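I have placed the structure first, in the form of structure tokens, so that the comments after it can refer back to it.
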Amino acid sequence: MSRVGGSSLLLTAGGAADEDLAILNINQPLELQKYPKRSAKPSVSRTLADLLMRVEDANNSGDNTPVVNNHHRVLDITYACSSLPASYPFVLSFENLTYSVKIPQKLTLPFCGKSSADNSQEKILLNGISGEAREGEIMAVLGASGSGKSTLIDALADRISKESLRGSVTLNGEILESRLLKVISAYVMQDDLLFPMLTVEETLMFSAEFRLPRSLSKKKKKGRVQALIDQLGLRNAAKTVIGDEGHRGVSGGERRRVSIGIDIIHDPILLFLDEPTSGLDSTSAFMVVKVLQRIALSGSIVIMSIHQPSYRILNLLDRLIFLSHGNTVFGGSPSNLPEFFSEFGNPIPENENRTEFALDLIRELEETPDGTKNLVDFNRSWQSRNNPKRNHHHNKSDKASTKTLSLKDAISASVSRGKLVSGATTTDSNLTSSFPTFANPFGLK
Ligand SMILES: Nc1ncnc2c1ncn2[C@@H]1O[C@H](COP(=O)(O)OP(=O)(O)OP(=O)(O)O)[C@@H](O)[C@H]1O
């Protein structure tokens, strides 16, 4: 499916019911902060919701009407985006993310008269984590068990209350309002519950029926499902039942890809995954990450945690963040690893798996009295030496790019290129994975 094809396929349904756009409240501008005023071109839609409505309106004449018959409206949309560059990559930046929780130090006996608050101790789960994830790329978070991988992904996916999380997360320089993030993102949990008696195709169709706008015709939902089956590499398994312990069904890797498919039915711009390869053999894990790369290249930012990527998987990852007890011990591309560790004084032996070496070294350091402090400090100075742009991100070129295109316009351009099915809302795979709640049309809580 071409991007433009995708756009018409997904957004040309007859008029959307109000509830379809419940999150994109059509009467209110989206609460995007730092949205620059644009004086020129008054016909450019004022809000993303407005634009989405116009796309819906443009195709009110029925499902079977070829898009070309609506060319005046389609051109209208094109015009709305005509001042935009053909491709404007999304950049998710996070600065100094810090998150701590209070944990009771010891069990308080009911009669000792002391409140547990007196005994509570602060545990830092994330300590000043910064980085950047870009459209078309996969950013992977690595580290030992308990290092903070899931916590970082939760922080980026707005699953930690804003009051407890310090630091900032921005998309193209703008702070993301929670409701907008919900619309443009998806969060894939480690384990999705699937209905064992449904085939792969039926499962995805089920997701399309209940998560895409009611106004989108069955034909278009079917089209989206077929495109997704190809994107997920599930063509050969499309007619196979999911299965369970008692009934043979799809393989573990295929099952994982179906889970991802359920969550990305609305073609999100941001995709968060917690350990998408856990429990899979190396070939199945590779195929899952290959699919994620395909999704990234379709115009999304993919952020995932992973325990120990194989050499082949490492080659698919664009950016890595290694964590140790909530601190960054390495941030950069896989190709930076050899240089980084040799400058640190622990060169990676030739033919050794780079991530395995790094994780082993981190584990060894964690067992020393000073822990990974030296590595954390070294990473900090290495970042400022090798990545000055991140440290002075208000430099000329950055400023220019954020000025020319607001987040709203970037999302609109993305929609016009075929991303994001309007009206799809939920990011909570828990809601969608169990049968009764899955039947909640828009996943609204
Ligand atoms: N609400 C909480 N209260 C106290 N400690 C917590 C809380 N949430 C997480 N932790 C602790 O924070 C640390 C990081 O947890 P997190 O789940 O992010 O690690 P992880 O790297 O994803 O681990 P794994 O690979 O095992 O999934 C762990 O030590 C965990 O026990």
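Quick one: Debye curve from the alpha-carbon atoms of segment 247-296 only, equal weights, vacuum; give me log10 I(q)/I(0) at q = 0.26, 0.31 Å⁻¹ to two decimals.
The Cα Debye sum returns log10 ratios of -1.06, -1.35.
Add +1 for every Lys or Arg and -1 for every Asp or Glu among the other residues with Cβ under 13 Å from the Cβ of residue 284, and state the total.
Its environment carries a net charge of +3.
Taking the DSSP beta bridges in segment 252-393 as the whole, what percent of them are antiparallel, to the nearest 5?
55 percent
Taking all pairs of distinct Cα atoms, average 1/r, flip it, and tell me the Kirkwood hydrodynamic radius of segment 279-352 in Å to one decimal place.
Mean inverse Cα-Cα distance, inverted, gives 13.8 Å.
Tell me, what does the Kirkwood hydrodynamic radius of segment 218-262 come to in angstroms if you use every pair of distinct C-alpha atoms?
Evaluated on segment 218-262, it is 11.0 Å.
For segment 282-342, with every protein chain kept in place, what is the accessible area per residue (1.4 Å probe, Å²)?
Here the residues of segment 282-342 average 32 Å² of exposed surface.
In what sequence, highest mean first, do 331-338, 153-160 appear when ranked by Cβ atoms within 10 angstrom?
In descending order of packing, they fall as 153-160, 331-338.
Using 1/(1 + (r/R0)^6) with R0 = 35 angstrom and r between the beta carbons of residue 235 and residue 366, what's the FRET efficiency to the nearest 0.05?
About 0.20, to the nearest 0.05.
Leaving ligands, DNA and RNA out of it, work out the accessible area of residue 247 with a 1.4 Å probe and give it in Å² to the nearest 10.
The accessible area comes out at roughly 90 Å².
When the expected Rg is taken as 2.2 N^0.38 Å, what fraction or multiple of it is the alpha-carbon Rg of segment 214-329?
The value comes to 1.16.
How much length is gained on full extension from residue 95 to residue 134, taking 0.36 nm per residue of separation minus their Cα-Cα distance?
So the chain would gain 12.6 nm between residue 95 and residue 134.
Express the accessible area of segment 157-273 per residue in Å², computed with a 1.4 Å probe while the remaining protein chains stay in the model.
I get 40 Å² per residue for segment 157-273.
What's the local net charge at residue 149, with K and R +1, D and E -1, over the other residues with C-beta under 9 Å away?
-2
Multiply the residue gap between residue 222 and residue 202 by 0.36 nm, knock off their C-alpha separation, and tell me the result in nm, one decimal place.
My answer for the length gained is 6.2 nm.
For segment 203-210, take each phi angle, set θ = phi - 60°, evaluate the Karplus expression 6.51 cos²θ - 1.76 cosθ + 1.60, and give the result in whole Hz per residue in order, putting x for glycine and proline.
3J(HN,Hα) across segment 203-210, in whole Hz: 4, 5, 5, 4, 4, 4, 4, 9.
What FRET efficiency, computed as 1/(1 + (r/R0)^6) with R0 = 45 Å and r the Cβ-Cβ distance, is obtained for residue 335 and residue 175, rounded to the nearest 0.05?
0.90
What share of the DSSP beta bridges in segment 193-333 is antiparallel, in percent to the nearest 5?
60 percent
If the limit is 22 Å between Cα atoms, which of 123/149; 102/182; 182/222; 290/408; 221/419; 162/290 go over it?
The pairs that break the limit, which is 22 Å between Cα atoms, are 102/182; 182/222; 290/408; 162/290.
Counting Lys and Arg as +1 and Asp and Glu as -1, what is the net charge of the other residues whose Cβ lies under 9 Å from the Cβ of residue 139?
-1
Calculate I(q)/I(0) for segment 128-244 by the Debye formula, one identical point scatterer on each C-alpha and no solvent, and give its log10 at q = 0.23 Å⁻¹ to two decimals.
-1.29
Give the span of segment 262-400's Cα atoms along each principal axis, as three whole-Å numbers ordered largest to smallest.
Its Cα atoms span 47, 45, 27 Å along the three principal axes.
The values are calculated or read from the model by the stated rules, or taken from the named source; none is laboratory data. Note that the structure is predicted; figures quoted are calculated from it, not measured. Note: ideal-geometry Cβ built from the backbone for every residue, glycine included; neighbour counts use all protein chains shown. Side chains included, ligands, DNA and RNA excluded: accessible areas come from the protein's heavy atoms. Shrake-Rupley method; radii C 1.70, N 1.55, O 1.52, S 1.80 Å.
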